[in-house]
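Below are the structure tokens for one structure; questions will follow.
The values are calculated or read from the model by the stated rules, or taken from the named source; none is laboratory data. The structure displayed is predicted, hence computed values, not measured ones. As a convention, Cβ positions derive from the backbone with ideal geometry for all residues, glycine included, and neighbour counts pool all protein chains shown. Accessible surface areas use protein heavy atoms only, side chains included; no ligands, DNA or RNA. Shrake-Rupley method; radii C 1.70, N 1.55, O 1.52, S 1.80 Å.
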Amino acid sequence: MATLTILADENIPFAREAFGTLGDVRLSHGRQITRDDLRDVDLLVVRSITRVDEALLAGTRVRFVGTATSGSDHVVVDDLARLGVAFYAALGCNANAVAEYMAVAWLTLAQRRGWALAGRHVGVIGVGHVGALVVEKARALGMVPVLNDPPKLRDTGSDVYRPIDELLDCDIITCHTPLTYDGPFPTYRLIGERFFSRLKHGAWFCNAGRGEAVDEEALGRALERDRLDATILDVWDHEPAIDGRLVARVDIGTPHIAGYSLEGKVNGTAMVYDAACRFLGVEPGWDASAAAPPPLLPPLTIAGEGRIEVDVLAEVATAAYPIARDDERLRRTAQMTPAERGLVFDDLRRAYPTRREFRQTSVAVTGGSSGLINTLRALQFRMS
């Protein structure tokens, strides 16, 4: 049997170790993969920055494509089906990482503004793999989620899913939709002038789904009119050459890394690897559970007595994930040209430092209330 050739995005952790059990592995920058690169490739493994369609695959011998990401709008599935190419997406692989990103972002801003999150209403637009876990984190923080997901409403008939207009009075809006252009529920430019003009004055707006779901011109006008108290963006229109004016204006801005925990990335690798093994009819020879190193963060001891609960929660959460670091690095690009900003945007993603999920952090709180301890447990910190 001829040796298989696998081409993988260089930003996929353990790609060589995992897929090397199946054949020869080549690594490439995801934006630089061309059809010529794929002439003699059997399996292609990508992340979200590689558009995979007939133009890329026609005339190659690629017969399996896997994306180690939760989203799959960068892959034209109909083209792959027409070419007889199998496809697998690691749906939900990094959902918990994105949900933790939102929790850290909310706690960071709540601490800055002296807000209590408990009792705040948060409108969650898109309640799939990611949105469902965002809802869990919101409830752990004592928030009241209001859910919007028309496809789930259609499929379940459950009145837990509300029309988007019913989210307009929420204190926080957070978007976690896929990107779709057609069908009964397109999400392209779902959030625009009409939405922002009717949204509760002083609300927070967050997007960690797809940048194209938001009309950034309308968002900019909402910011100019001071309709929003805070904006959190991890995804942007026209990535990687994003709008520098918007970067400068948001309260927290990051380069599409909300799902970039080590656990999320390893999950993506493992899910695509297992799918490739099933496609090839071979037993897996790589064990993802042994791949991730031990936690990097030493146990935390936090003083809780006499302190505001949100301050303690923010201290723990930002110790586990210092989101301000990611914001600062992206914010430095605001004055660059779009081309320069695009290069840095990709570099920040490619060289992203190791980030572990909450369950890898052990926490001891001295003098904290039982409610505080229970909240940290609900967020999945390990309480010692």
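Can you tell me which residue among Arg221, Arg225 is among the charged types (D, E, K, R) and without any contact (Cβ under 8 Å) to a residue 24 or more places away in the chain?
Just a single option satisfies the conditions, and that option is Arg225.
Of the numbered conditions (1) within 16 Å of Ile12 (Cα to Cα); (2) part of a strand (DSSP E or B); (3) open to solvent by less than 30 Å² (accessible area, probe 1.4 Å), Arg26 satisfies every one except a single condition; which is it?
Checking Arg26 against (1) within 16 Å of Ile12 (Cα to Cα); (2) part of a strand (DSSP E or B); (3) open to solvent by less than 30 Å² (accessible area, probe 1.4 Å), the one that fails is (3).
Which of the residues spanning the stretch 162-185 are open to solvent by less than 40 Å² (accessible area, probe 1.4 Å) and within 18 Å of Ala213 (Cβ to Cβ)? Walk me through how you get there before you give the answer.
Pass one, the stretch 162-185, residues open to solvent by less than 40 Å² (accessible area, probe 1.4 Å): 167-168, 170-177, 179.
Within the stretch 162-185, Leu167, Leu168, Cys170, Ile172, Ile173, Thr174, Cys175, His176, Thr177, Leu179 meet the criteria.
Could I ask something else about it? Return the residue satisfying two criteria in turn: it lies in the stretch 318-337 and is free of Cβ contacts under 8 Å to residues at least 60 places away in the same chain and in a loop (DSSP other than H, G, I, E, B), and of such residues it is farthest from Phe14 (Cα to Cα).
Going through the qualifying residues, I end up with Thr337.
Which residues, taken from the stretch 187-198, are within 21 Å of the chain's Cα centre (by Cα) and open to solvent by 60 Å² or more (accessible area, probe 1.4 Å)?
Tyr188, Arg189, Leu190
Still on this model: Only residues in the stretch 292-317 that are touching a residue at least 40 places away in the same chain (Cβ under 8 Å) and polar (S, T, N, Q) count as the first member; pair them with residues that are surrounded by fewer than 17 Cβ atoms within 10 Å (Cβ to Cβ) and outside any loop (DSSP other than H, G, I, E, B), Cβ under 8 angstrom, at least 6 apart or cross-chain, and list the lot.
Sorted first by the residue in the stretch 292-317, then by its partner, the pairs are Thr301/Ala364; Thr301/Thr366.
Sticking with this one: Restricting attention to the stretch 373-384, and to residues there that are of a type outside the set (A, V, I, L, M) and open to solvent by 30 Å² or more (accessible area, probe 1.4 Å), which single residue is farthest from the chain's Cα centre (by Cα)?
Step by step, filter the stretch 373-384, then rank; the result is Ser384.
Within the stretch 249-261, restricting attention to residues that are out of contact with any Ser or Thr (no Cβ under 6 Å at 6 or more places or on another chain) and not hydroxyl-bearing (Ser, Thr, Tyr), which residue is surrounded by the most Cβ atoms within 10 Å (Cβ to Cβ)?
Ala258
Restricting to the stretch 91-116, name every residue that is under 13 Å from the mean Cα position of the chain (by Cα), aliphatic (A, V, I, L, M) and either surrounded by fewer than 21 Cβ atoms within 10 Å (Cβ to Cβ) or more than 28 Å from Val250 (Cβ to Cβ) (or both).
Passing the criteria: only Leu91.
While we're on this one: In the stretch 293-316, what residues are within 21 Å of Ala103 (Cβ to Cβ) and assigned to a loop (DSSP other than H, G, I, E, B)?
Those that are within 21 Å of Ala103 (Cβ to Cβ) and assigned to a loop (DSSP other than H, G, I, E, B): Pro295, Leu296, Leu297, Pro299, Gly304, Arg307, Ile308.
Then there is this: Against the definition (at pLDDT 95 or above, in a loop (DSSP other than H, G, I, E, B) and either open to solvent by less than 30 Å² (accessible area, probe 1.4 Å) or at positive phi (or both)), how does His201 come out, yes or no? Break it down stepwise before answering.
Values: at pLDDT 95 or above: yes; in a loop (DSSP other than H, G, I, E, B): yes; either open to solvent by less than 30 Å² (accessible area, probe 1.4 Å) or at positive phi (or both): no.
For His201, the condition - at pLDDT 95 or above, in a loop (DSSP other than H, G, I, E, B) and either open to solvent by less than 30 Å² (accessible area, probe 1.4 Å) or at positive phi (or both) - is not met.
When the stretch 345-384 is examined, which residues are found to be part of a loop (DSSP other than H, G, I, E, B) and either touching a strand residue (DSSP E or B) at 6+ places or on another chain (Cβ under 9 Å) or closer than 30 Å to Ile242 by Cα (or both)?
Ala351, Tyr352, Pro353, Thr354, Arg355, Arg356, Glu357, Thr361, Gly367, Gly368, Phe381, Ser384
While we're on this one: Could you identify the single residue in Ser370, Ser362 that is closer than 24 Å to Ala140 by Cα, without any contact (Cβ under 8 Å) to a residue 24 or more places away in the chain and more than 19 Å from the chain's Cα centre (by Cα)?
Numbers: Ser362 fails: without any contact (Cβ under 8 Å) to a residue 24 or more places away in the chain.
Going through Ser370, Ser362 in turn, just one is closer than 24 Å to Ala140 by Cα, without any contact (Cβ under 8 Å) to a residue 24 or more places away in the chain and more than 19 Å from the chain's Cα centre (by Cα): Ser370.
So, in the stretch 40-58, how many residues would count as being open to solvent by 30 Å² or more (accessible area, probe 1.4 Å) and modelled with pLDDT of 95 or more? Can you show your working first?
Keep residues of the stretch 40-58 that are open to solvent by 30 Å² or more (accessible area, probe 1.4 Å), which gives 40, 48-49, 51, 54-55.
Imposing the further condition that a residue be modelled with pLDDT of 95 or more reduces the set to 40, 51, 54-55.
Residues flagged as open to solvent by 30 Å² or more (accessible area, probe 1.4 Å) and modelled with pLDDT of 95 or more within the stretch 40-58 amount to 4.
Hey, another quick one. Has the stretch 238-248 got at least one residue that is open to solvent by less than 20 Å² (accessible area, probe 1.4 Å), assigned to a helix (DSSP H, G or I) and farther than 27 Å from Arg350 by Cα?
Applying the first criterion (open to solvent by less than 20 Å² (accessible area, probe 1.4 Å)) to the stretch 238-248 yields 242, 244, 246-247.
Then drop every residue that is not assigned to a helix (DSSP H, G or I), which leaves 244, 246-247.
Imposing the further condition that a residue be farther than 27 Å from Arg350 by Cα reduces the set to none.
No: zero hits.
On to the next question. Taking the condition over 28 Å from Ala132 (Cα atoms), surrounded by 19 or more Cβ atoms within 10 Å (Cβ to Cβ), touching a Leu at 6+ places or on another chain (Cβ under 7 Å) and touching a residue at least 40 places away in the same chain (Cβ under 8 Å), does Ala15 pass?
Judged against the criteria, Ala15 is a match.
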